[in-house]
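**Student:** Got a structure for you, written out below as structure tokens; questions coming shortly.
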Amino acid sequence: MKGGHGAGIADYNFGAGYVPGSKRLGIPAINLADSAVGIALGAIQSRYSTLLPSVLGLASSWDPEAAERYGALIGLELREQGFNMSIGGGINLAREPRDGRTFEFSGEDPLLAGATVGNVIKGVQSQNVMGDIKHYALNDQETGRMGPGGTAGFNAVIDRRAAHESDLLAFQIAIGIGHPSGVMCSYNRVNGVDACESPWLLTQVLKKEFRFKGWVMSDWGGTHSTVAAALAGLDMEMPGDKYFGSALKHAVQAGKVPMSRLDDMDYRVLRSMFAAGVIDHPVVPRAVVNPFAGRRSAERIAEKSMVLLRNEGGVLPLNASGVRSIAVIGSHADVGVLSGGGSAQVDPPGGNVTTPKPGRPGWNEVVYFPSAALEYIRQHATHAHIAFNAGTDVVAAVALARKSQIAIVFVNQPMREGMDRPSLGLPGNQDALVSAVAAENPHTVVVLETGGPVTMPWVDKVQGIVEAWYPGIGGAQALANLLFGNADFSGRLAITFPRTDSQLPHPQIAGLTPAMYGTETGASPLSHKPFKEFDVDYNVAGARVGYKWFESKNLTPLFPFGYGLSYTSYAFSGLKVAADGSAARVTVKNTGLRAGTEVAEVYARLPKASGEDYQRLVGFDRVALAAGESKTVTIPLNDLCLSIWSTQKHVMERVRGTYTIMAGSSSSSTPLKATFVVAR
């Protein structure tokens, strides 16, 4: 089948893509919209869309129910705007945390990522809108993702067992939960074969092993052949019909592509349209998006997503009635919050608040949304003197900090599709700004607006650190609620924060060189810079993505996966595991003086026969507790995460021996242990 952009067609809805329908058969057109964190391209038709927190922020809530609500809001607003398919569902694991699209994805662990994205898809499709999942597979960096003239990009080299136990496992878990209508194959090559022409990826793994019932569409411009792609399992070219229009018709007539393959393409699309309710519940009439309900949802999710990384001396929560003066410094905190760019960019109401002008933001533009932390800090601390400094003049910022009781420094890390960060360091002079302010004011709190992890050479010089991610349209309200203790921090990191780039499997991004891309922001061939095909050796880490790499190499990160502080304290006890390893029971107690929510994280160390030297996340649960309250929770353990890929049987299976189950508050804090044995 073929898709297109739809320009000039009556039922085209000015989204990212369009597939013609059939009025004679009662089959509606498919109108697709980029909608990773909200619906993109709204300015074209003066449409408002809610900007939600980044997907990485959502994953850091460790809350599948919040993920489903996140997806349901996107699905509802898609329906109200006349779209019947979402192009979201990014689930590429954070093998490369400097990837410019890290904010669109759900972290480094296949279980957490799969549970998050699977429930987002489930929410989208609850609104009778089709969902998708992308980019299949191993498209874990932007640099070199496309070759010259749109040809396939870098070659991801990886052992099949490692792929099945990492990136592919995330897809498998998410597909099992969300049952998406579509899977988008990626631009890159995998083990020498274009991802959108790989029989192993598209047919053997996805359609047979994962039993995926929907259809496979190419990323935009990611189709590179007719016969090879069709026989490999690609069902739809996007956009246009260069390969899957008349060329496919001729290939079928010539017997190069069997008619049964064409029938299968059609069946998969139509089945998915019926399954999602697109045909029985068409997206008409349209409705006006409710911006107030969307903002409230965005704020609640943001409160759950933000992570308290440091709180020395109990600097937080701030005492609203007792604090006398606050310096708010940097990152346009007087007007807005940072958002992620590229095809995920939601158009801000009224335009970019830092540089308002008519029309859509430019592709390379750093876009801020109207949610000003300064305003909401003032609403909480009504008796305090609160002043803002842009942070561009370090001397002036230090002068303000010196005469203030509390200094809150906002720093940022812009990221977007089509570029990678050359390092994990904060861009510009932001590290120097934080160090200078902290040297003058011992009560300095840093708020990070980042698309992923960053290094912090000043970490021991400040009292407080909050990771706010890209917090969405309700981000400033959520942040102020947390800073002043109206809400408690319950977010836990979905991604490891390294101390330095040297701790990563690839200290430098493969293919990214100053001569090709520049030294500050990096870019992919979307900027039409010179390109040479190259391999990315993912076998360096294999299945040891993120915290697994750090453990196997005995490296201590800046902040570990699963980590996060609270305004109260918790204790774990009484871990027990079912004899068959299907579930674990653990008691969590709030040992503090105020209510809060802890995330009980369960990890497993597989038997020696697995050949592994690291633990795996196998289950988790958010546990809300009043002060002094205890709860015993039963946490299902994911069987796939307790299994390895058998290269002989081509299945996931448990290995013989003793499994050690551990429970605690992060990947580096699992004080409780229990075991079960697989004898056969």
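**Student:** Given H placed on each backbone N at 1.01 Å, which residues far from residue 668 in sequence or on other chains put an amide H within less than 5 Å of it?
**Tutor:** It is none; the list stays empty.
**Student:** For each of 376, 538, count neighbouring Cβ atoms within 10 Å of the residue's Cβ, then give the residues from fewest to most.
**Tutor:** 376, 538
**Student:** Of the peptides 195-206, 394-405, how do they stack up when ordered by the mean number of other Cβ atoms within 10 Å, highest first?
**Tutor:** 195-206, 394-405
**Student:** Holding the Cα-Cα limit at 22 Å, pick out from 553/576; 256/649; 304/461; 304/631; 548/673 the pairs that are longer than that.
**Tutor:** 553/576; 256/649; 304/461
**Student:** Sorted from largest down, give the three principal axis spans of the alpha carbons of segment 198-290, whole angstrom values.
**Tutor:** Computed over the Cα atoms, the extents are 49, 31, 22 Å.
**Student:** Now for a different question. So how do 241, 266, 194 line up by other beta-carbon neighbours within 10 Å, fewest first?
**Tutor:** 266, 241, 194
**Student:** Can you work out the FRET efficiency for the pair residue 241 and residue 319, with r the C-beta to C-beta distance and R0 = 60 Å, to the nearest 0.05?
**Tutor:** Efficiency computed from Cβ-Cβ geometry: 0.40.
**Student:** Please work out the Cα center distance from segment 138-202 to segment 11-80, rounded to the nearest Å.
**Tutor:** Going from one Cα centre to the other spans 23 Å.
**Student:** Here's something else I'd like to know. When only C-alpha pairs under 8 Å and at least 6 residues apart count, what is the relative contact order of the chain, in percent?
**Tutor:** 15
**Student:** Please order 645, 62 by the number of other Cβ within 10 Å, starting at the fewest.
**Tutor:** Fewest to most other Cβ atoms nearby, the residues stand as 645, 62.
**Student:** Go through [x] 1.04; [y] 1.24; [z] 0.96 and flag the label whose value is the computed Rg/Rh (Cα atoms, Kirkwood Rh) for this structure.
**Tutor:** Computing Rg/Rh (Cα atoms, Kirkwood Rh) and matching it to [x] 1.04; [y] 1.24; [z] 0.96 gives [z].
**Student:** What ranking do 320-333, 127-140 get when scored by the average of other Cβ atoms within 10 Å per residue, highest first?
**Tutor:** For the peptides 320-333, 127-140, the packing ranking is 127-140, 320-333.
**Student:** Out of the GluC sites (Glu not before Pro) in segment 585-680, which ones are loop residues according to DSSP with at most 14 other C-beta atoms within 10 Å?
**Tutor:** 629
Every number in this text was worked out from the coordinates using simple rules, so none of it is lab data. Nothing here was measured: the structure is a model prediction, and the numbers come from that model. Every residue, glycine among them, receives a Cβ derived from its backbone with ideal geometry; neighbour counts consider all protein chains shown.
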